[in-house]
Every structure is written in C-alpha cells, then in structure tokens.
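Please read the structure below before turning to the comments.
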Amino acid sequence: MGQFLPVLALVILGALFAGISSLLGRLLNPPQPNPRKNAPYECGIVDQVDVSSRFPVKFYLVAMIFIVFDIEIIFLYPFTQIFRELGGFGLGDIVLFSATLFIPFLFLVSNGALDWGPIKRLRKSDIRIGAHRTTTTTVRRVGTEGRGAVVDIPTPRPETEAA
C-alpha cells in the first residue's frame, strides 16, 4: 500500500488544484452573459454566406488514406527496431500486415480518392447518342405531361435504320 501513496497524493493534489481554480475563477469573475458572448464563435469572422452542410466524399476518402498509412507507420517503427531478432517470422508478419493495409489503399484509389479532376462516369449509359438526338426529340420521348400544350414533333430516323 505504501507504493501507491505518492500516486494517491498526486491525484488528491490535482483534484484540489482543479477545484480551487474553478472556485476562484467563479468568485473573481462571475459569469455575465450577453448576446455577444452567447453568439457562436468561428475564428472571429461572421459568415457572409451559408455553408453547405455536407463535405464531399473525397474528403473522407483522403482521411481514410491518412488513417491507414498513419496506422502502418505506427506499427512499422517498432518493427524496424527489432527486425533482426524476429528473423523470417517477423519479415513474413510485416509483409502480411503491409499487404492487409495496402488492400484498403487500392480500394480507395479505385474509387477515385486521388482523382481531383472533373467527375468521371463509372459506367456507360445504354442510351444511344447520335445526330438524330436533339432537345426536342429527347423531351418528347421523356414525356410532356403537365408541361402545357403538347406539340407532336416527328422523330427523325437515323440513317442506319432507314435502309
């Protein structure tokens, strides 16, 4: 029990310091709320426009890449200190560990986590696009219910089907 006495004394001193500091803070400077103090604080700058409530998915994908490599570095450092003592077993384990962390990296890269250019379509549309497709024929095909007067526009036929 004598070994834990310094730890207990330190915990008691820390609790006393925190309690006395809080009590003195309230006594010397009592809370005085006003609208300026109750307003949300963001770096001292009042927002001029509403911010969007969503972050792009790429933000989370980059965060996942950071976490994956952060974890890998945390576990690689101790391995580098004792890799000679572990021998082939340690080398095999670290290769397996690195491969396990490399798979999520490949997943993130395949989903476009590092593509910061324009949005790319993942699959091709089955709609045939040709010279016969215009805005009037497309709107006519989609439907005109609820759009006012319906004008019957003849659909031009592609030259490949005319023969």
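The values are calculated or read from the model by the stated rules, or taken from the named source; none is laboratory data. Nothing here was measured: the structure is a model prediction, and the numbers come from that model. Heavy atoms of the whole protein, side chains included, go into the accessibility calculation; ligands, DNA and RNA do not. Shrake-Rupley method; radii C 1.70, N 1.55, O 1.52, S 1.80 Å.
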Exercise for review: Quick one: in segment 88-118, of everything that is in a loop (DSSP other than H, G, I, E, B) and not polar (S, T, N, Q), which residue is most open to solvent (accessible area, probe 1.4 Å)?
Suggested key: Trp116
Point to revise | Search result, residues across segment 31-73 that are open to solvent by 100 Å² or more (accessible area, probe 1.4 Å), of a type in the set (A, V, I, L, M) and modelled with pLDDT of 80 or more | key: Ile73
